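The values are calculated or read from the model by the stated rules, or taken from the named source; none is laboratory data. Note that the structure is a prediction, hence the values are computed from the model and not measured. Here the Cβ positions follow ideal geometry from the backbone for every residue, glycine too, while neighbour counts run over all protein chains shown.
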């Protein structure tokens, strides 16, 4: 088992090979059937053994997305907002989002809530890896869009980034989007928690499954056009209701003061 752990700690590196299709987009890494199966098993084991391996979790998510991505794409094509996202292909990072402008928005707006959440959790929107293993360029964008909107799902459900709350968001995402990786994470990750932290999940998982399953598909939300919208109004529009209160490391009042002082 120790040898397996050491092997799986290595980064995922797959180079150009014979007999594999050419790249369909700049970050694309084409795989043949054997490579796809081998990498799926390897990244799945690595993600299970060490959920903090973001590269393994991301790769496993892409490799198992399968028929779900076309279904999500079709749902996006069924709405004007979703079609606009697919046509314009917006990205969420510090090069495309005016962080300073969002920090100047009034309290209660989505944009200001997002900035508060980023600062409160000590994260940035620049940590999402590019998609590599989805062959179709449009479906690769759908996967990238999900990945870059993940923090907004945390924000709108008032969830921190601690492991137990990440599991809650994954359960919410599985109920809402159906991506296999999110369901497997929600099922497998709790076994790595202490009994007390697993017990805490009992407060949240039923909410995540009910709320995520009944809410509008979050892939159809053009978040960048909603920054000025009242977040409570947006939640009502999407059919999202509040979960049991989460335990935060930094009080919201302290976050608001810090955000104003640092100009984040």
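For the reader, a short list of remarks on this structure follows.
- Residue ID - nearest to residue 53 (Cα to Cα), chosen from residues in the range 154-200 that are within 12 Å of the chain's Cα centre (by Cα) and in a loop (DSSP other than H, G, I, E, B): 161
- Residue satisfying condition, being under 30 Å from residue 228 (Cα atoms) and in contact with a helix residue (DSSP H, G or I) (Cβ under 9 Å, 6 or more places away or on another chain), within set 39, 72: 72
- Criterion (more than 19 Å from residue 117 (Cβ to Cβ), modelled with pLDDT under 90 and surrounded by 18 or more Cβ atoms within 10 Å (Cβ to Cβ)) met by exactly one of 196, 175, 189: 189
- When the range 201-210 is limited to residues that are in contact (Cβ under 8 Å) with a residue 40 or more places away in the chain and farther than 23 Å from residue 58 by Cβ, the one that is nearest to the chain's Cα centre (by Cα) turns out to be 204.
- Test: residue in the range 243-253 that is touching a helix residue (DSSP H, G or I) at 6+ places or on another chain (Cβ under 9 Å), part of a helix (DSSP H, G or I) and at pLDDT below 95: yes
- Residue within the range 76-86 that is surrounded by 12 or more Cβ atoms within 10 Å (Cβ to Cβ) and within 16 Å of residue 154 (Cα to Cα) present: no
- Picking from residues in the range 119-152 that are surrounded by fewer than 21 Cβ atoms within 10 Å (Cβ to Cβ) and closer than 23 Å to residue 245 by Cβ, the one that is nearest to the chain's Cα centre (by Cα) is 150.
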